[in-house]
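> Please find one structure pasted underneath; my questions will follow.
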C-alpha cells in the first residue's frame with residue numbers, strides 16, 4: 001500500500017472543498033444548527049420539567065455523538081459519490097491505485113471532515129450550553145471510537161451498494177442513519193423498546209455507546225465489557241464492509257459494470 | 001529497447017451468451033503505433049478495458065512490459081496510461097489539480113516540475129487554474145493527453161483521441177502524440193474511425209469485427225492487398241459483411 005496514492009484521494013477532496021462553499025458549509029453548518037436546536041430544547045426541558053437530572057448532557061451529548069457518527073459515515077459516502085458524480089471510475093481504476101488505497105483515501109477524508117464537525121459541535125455545546133466533557137470522562141474516547149468505526153463501516157458498505165446498484169441508488173444510503181436511530185436508543189433507554197427491537201439493538205454498536213453514556217451521566221453502573229462488545233462489533237462490521245466492497249468491486253470488474261460507469265454513453 | 005511492450009494472448013470476453021471479444025492475440029513493440037479498427041460494437045473498447053484491468057477477461061492474458069495484468073495489476077499499470085473521449089477527467093478540478101492528483105497516483109517524481117513542463121508542452125498555461133469541465137473539447141483533449149504522459153508510459157492506449165475535434169485541433173493532437181511516441185519510444189494502441197488519421201500515424205493496423213481480428217498489416221498496403229482503393233473502402237466492406245460471410249471470406253486470417 002502506497003501512502004501517496006491514499007494521500008491523492010484526500011488531496012482531491014481537499015481541492016474540491018477548497019473551491020466550493022457548497023461542499024465546505026455542510027461540514028459544520030448542519031451540525032451547528034442541530035446543536036443550537038437541541039441546546040435550546042434542553043434548556044427549555046430543564047426549565048419546565050421536574051426531572052432530577054440535567055437534560056444538557058443527556059440530550060445534547062446524544063445529539064453530538066449521533067451527529068459525529070452520521071458525519072463519519074457521510075464523509076466516506078460523499079467522497080465516493082464525488083467520483084460517481086464526476087464519472088471518474090475509469091480514470092481512477094485504470095491506474096496503479098489499488099482498491100485498499102482508494103478506500104483508505106475515503107476513510108482519511110472522512111476522518112478530516114468529521115473532525116471539523118466534531119470540533120465545531122464541541123465548541124458550541126460547551127461555550128453556549130455548558131456541556132462539560134467531564135460528565136463523560138475518558139470513556140468519551142472509546143464512545144467516539146465505536147461510533148467512528150461503525151460510521152466508517154456503514155460508509156464503505158453504502159459506497160459498495162452504490163457501486164453495485166448504480167448512481168441512482170445513492171438515495172438508499174442517505175437515510176441509513178435515520179433508519180437505525182430508533183433501534184440504538186439515541187434519546188431513550190433501550191428498555192423503552194419492544195423485545196424484537198432489542199434483538200436488533202443488540203447487534204448495533206451505537207446501542208452500547210448511548211446506553212453507556214446515559215448510565216455514566218445518571219451515575220448508574222456501566223459495564224466496560226459492554227463497551228468492549230460494542231468495539232468488537234464495530235471492528236467486525238468494518239471487516240465485513242471491506243469484504244463487501246472488494247466483492248462488489250470484483251463483480252464490477254468481471255461484469256463490466258465498472259467500465260460502464262464511465263463508458264455507458266460510449267459506442 | 002527490445003521485446004514487446006504489450007502482449008495480448010487469446011483474449012476473450014463473454015457477457016452471458018454474447019461474445020464481445022473472441023480469441024484475440026496481438027503484440028505491440030516499443031516505438032510502434034498500432035491502430036485498432038472496427039465498426040461500433042466490434043470489441044475495441046472492451047479490449048482496451050481488459051488491457052487497462054478495469055474489465056476481467058473470460059479467457060486469455062494481457063502482459064504489459066512483461067508483467068501480467070491479472071496478477072501484477074498495479075505494477076503493470078504504472079507503465080501504462082490512456083485517454084478516451086468517453087472518460088473525461090474530473091471536470092470539477094482545475095488543469096493543474098488534475099495533473100497533480102493523477103501524478104501522485106502514478107508516483108511521478110519531481111511532480112511540480114513535470115506538471116509545469118506538461119502544461120507548457122500542451123500549451124495549457126492560460127488554463128492552468130481553470131476547471132477542466134468548462135474547457136472546450138480540444139482543450140480537454142490536450143489536458144487528457146498531458147495526464148496520459150505524466151508517468152512517461154511505455155504503453156499508451158488512445159481510444160478515439162481525436163473524436164469530436166475539429167480538423168485543425170485533431171491535427172495538433174495527432175502531432176503531439178506522434179512526437180511524444182517517437183521521443184519516448186512508447187508503444188501506442190490507437191483506435192479511431194478516421195481512416196485518414198490511421199493511415200497517417202499507424203505503423204500497423206488490426207481490423208476487429210464481431211470481436212475477432214480479421215485483418216492485420218500495414219495501413220498503406222492493406223487496401224490494395226484486398227482489392228480496395230482506400231483504407232476507408234476496406235473498412236466499409238469489412239463492416240458490412242455479416243459474420244457468417246466473414247468466416248468464409250478471403251479476409252479470414
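Per-residue answers, yes or no, for (1) touching a residue at least 24 places away in the same chain (Cβ under 8 Å); (2) on the phi > 0 side of the Ramachandran plot; (3) surrounded by fewer than 22 Cβ atoms within 10 Å (Cβ to Cβ):
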site	(1), (2), (3)
B:141	yes, no, no
B:152	yes, yes, yes
B:162	yes, no, no
B:167	no, no, yes
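> Right, another one. Only one of B:75, B:100 is within 8 Å of chain A (Cβ to nearest Cβ), in contact with a strand residue (DSSP E or B) (Cβ under 8 Å, 6 or more places away or on another chain), in a helix (DSSP H, G or I) and surrounded by fewer than 23 Cβ atoms within 10 Å (Cβ to Cβ). Can you tell me which?
Working: B:100 fails: in contact with a strand residue (DSSP E or B) (Cβ under 8 Å, 6 or more places away or on another chain).
On inspection, the qualifying residue turns out to be B:75.
Each row is one residue, and each column tells you yes or no for (1) under 18 Å from the mean Cα position of the chain (by Cα); (2) part of a loop (DSSP other than H, G, I, E, B); (3) within 14 Å of chain A (Cβ to nearest Cβ).
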position	(1), (2), (3)
B:83	yes, no, yes
B:123	no, yes, no
B:139	no, no, no
B:164	yes, yes, yes
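> Go through the range B:103-119 and report how many residues are more than 27 Å from residue B:55 (Cα to Cα) and part of a helix (DSSP H, G or I). Write out each step before concluding.
From the range B:103-119, those more than 27 Å from residue B:55 (Cα to Cα) are B:109-119; that's our starting set.
Imposing the further condition that a residue be part of a helix (DSSP H, G or I) reduces the set to B:111-119.
Residues in the range B:103-119 being more than 27 Å from residue B:55 (Cα to Cα) and part of a helix (DSSP H, G or I): 9 in total.
> Any residue at all in the range B:30-45 that is in contact with a strand residue (DSSP E or B) (Cβ under 7 Å, 6 or more places away or on another chain), modelled with pLDDT under 95 and at the interface with another protein chain (Cβ under 8 Å from one of its Cβ atoms)?
yes
> Now a separate question. Which one of the conditions (1) touching a helix residue (DSSP H, G or I) at 6+ places or on another chain (Cβ under 7 Å); (2) closer than 25 Å to residue A:209 by Cβ; (3) modelled with pLDDT of 95 or more does residue A:37 fail to meet, given that it meets all the rest?
(1)
> Go through the range B:195-223 and count every residue that is over 13 Å from the mean Cα position of the chain (by Cα), closer than 23 Å to residue B:149 by Cα and assigned to a loop (DSSP other than H, G, I, E, B).
Number of matching residues: 1.
> Would you pick out the residues in the range B:34-67 that are surrounded by fewer than 19 Cβ atoms within 10 Å (Cβ to Cβ) and within 26 Å of residue A:98 (Cα to Cα)? Walk me through how you get there before you give the answer.
Of the residues in the range B:34-67, the ones surrounded by fewer than 19 Cβ atoms within 10 Å (Cβ to Cβ) are B:39-41, B:56, B:58-61, B:66-67.
Matches in the range B:34-67: B:56, B:58, B:59, B:60, B:61, B:66, B:67.
> Output the helices (runs of 4 or more DSSP H) that fall wholly within the range A:76-172 and possess 2 or more residues being closer than 30 Å to residue A:218 by Cβ, or say none.
A:99-129, A:140-165
> Continuing with the same structure: Scan the range B:173-193 residue by residue and report those that are surrounded by fewer than 20 Cβ atoms within 10 Å (Cβ to Cβ) and either under 27 Å from residue B:11 (Cα atoms) or modelled with pLDDT of 95 or more (or both).
Across the range B:173-193, the qualifying residues are B:185, B:193.
> Among A:173, A:156, which is the only one that is at pLDDT 95 or above and within 16 Å of the chain's Cα centre (by Cα)? I'd like the intermediate steps shown before the answer.
Numbers: A:173 fails: at pLDDT 95 or above.
Only one candidate qualifies: A:156.
> Ok, one more. Restricting to the range A:35-54, count the residues that are without any contact (Cβ under 8 Å) to a residue 40 or more places away in the chain, surrounded by fewer than 20 Cβ atoms within 10 Å (Cβ to Cβ) and in a helix (DSSP H, G or I).
8
> For the range A:245-254, state whether one or more residues are at pLDDT 90 or above, surrounded by fewer than 17 Cβ atoms within 10 Å (Cβ to Cβ), away from chain B (no Cβ under 14 Å) and in contact with a helix residue (DSSP H, G or I) (Cβ under 7 Å, 6 or more places away or on another chain). If you could, list the steps in order and put the result at the bottom.
So the first thing to find is which residues in the range A:245-254 are at pLDDT 90 or above, and the list is A:245-254.
Checking the rest, the ones that are also surrounded by fewer than 17 Cβ atoms within 10 Å (Cβ to Cβ) come to A:246-247, A:250-251, A:254.
Those still in the list that are away from chain B (no Cβ under 14 Å) too: none.
No; the residues of the range A:245-254 include none that is at pLDDT 90 or above, surrounded by fewer than 17 Cβ atoms within 10 Å (Cβ to Cβ), away from chain B (no Cβ under 14 Å) and in contact with a helix residue (DSSP H, G or I) (Cβ under 7 Å, 6 or more places away or on another chain).
> A further question follows. Determine whether the range A:107-127 contains at least one residue that is crowded, with 19+ Cβ neighbours inside 10 Å, free of Cβ contacts under 8 Å to residues at least 40 places away in the same chain and within 28 Å of residue B:72 (Cα to Cα).
no
> Of the residues A:209, A:239, which single one is surrounded by fewer than 17 Cβ atoms within 10 Å (Cβ to Cβ), modelled with pLDDT of 90 or more, away from every other protein chain (no Cβ under 14 Å) and part of a helix (DSSP H, G or I)?
Testing whether each residue is surrounded by fewer than 17 Cβ atoms within 10 Å (Cβ to Cβ), modelled with pLDDT of 90 or more, away from every other protein chain (no Cβ under 14 Å) and part of a helix (DSSP H, G or I) leaves just A:239.
> Can we say residue A:132 is more than 29 Å from residue B:152 (Cα to Cα) and surrounded by 22 or more Cβ atoms within 10 Å (Cβ to Cβ)? Spell out how you get there, then give the answer.
Working: more than 29 Å from residue B:152 (Cα to Cα): yes; surrounded by 22 or more Cβ atoms within 10 Å (Cβ to Cβ): no.
No.
> Moving on to the next point. Criterion first (touching a residue at least 40 places away in the same chain (Cβ under 8 Å), over 18 Å from residue B:20 (Cβ atoms) and either out of contact with any strand residue (DSSP E or B) (no Cβ under 7 Å at 6 or more places or on another chain) or more than 8 Å from chain A (Cβ to nearest Cβ) (or both)) does residue B:108 satisfy it? Full working, then the answer.
Working: touching a residue at least 40 places away in the same chain (Cβ under 8 Å): yes; over 18 Å from residue B:20 (Cβ atoms): yes; either out of contact with any strand residue (DSSP E or B) (no Cβ under 7 Å at 6 or more places or on another chain) or more than 8 Å from chain A (Cβ to nearest Cβ) (or both): yes.
Criteria met by residue B:108.
> Here is a further query. Could you tell me which of the residues A:94, A:7 is buried (at least 16 other Cβ atoms within 10 Å of the Cβ) and in contact with a strand residue (DSSP E or B) (Cβ under 8 Å, 6 or more places away or on another chain)?
Values: A:7 fails: in contact with a strand residue (DSSP E or B) (Cβ under 8 Å, 6 or more places away or on another chain).
It is A:94.
The values are calculated or read from the model by the stated rules, or taken from the named source; none is laboratory data. The structure displayed is predicted, hence computed values, not measured ones. Neighbour counts are summed over all protein chains in view; Cβ atoms, including those assigned to glycine, are modelled from backbone coordinates with ideal geometry.
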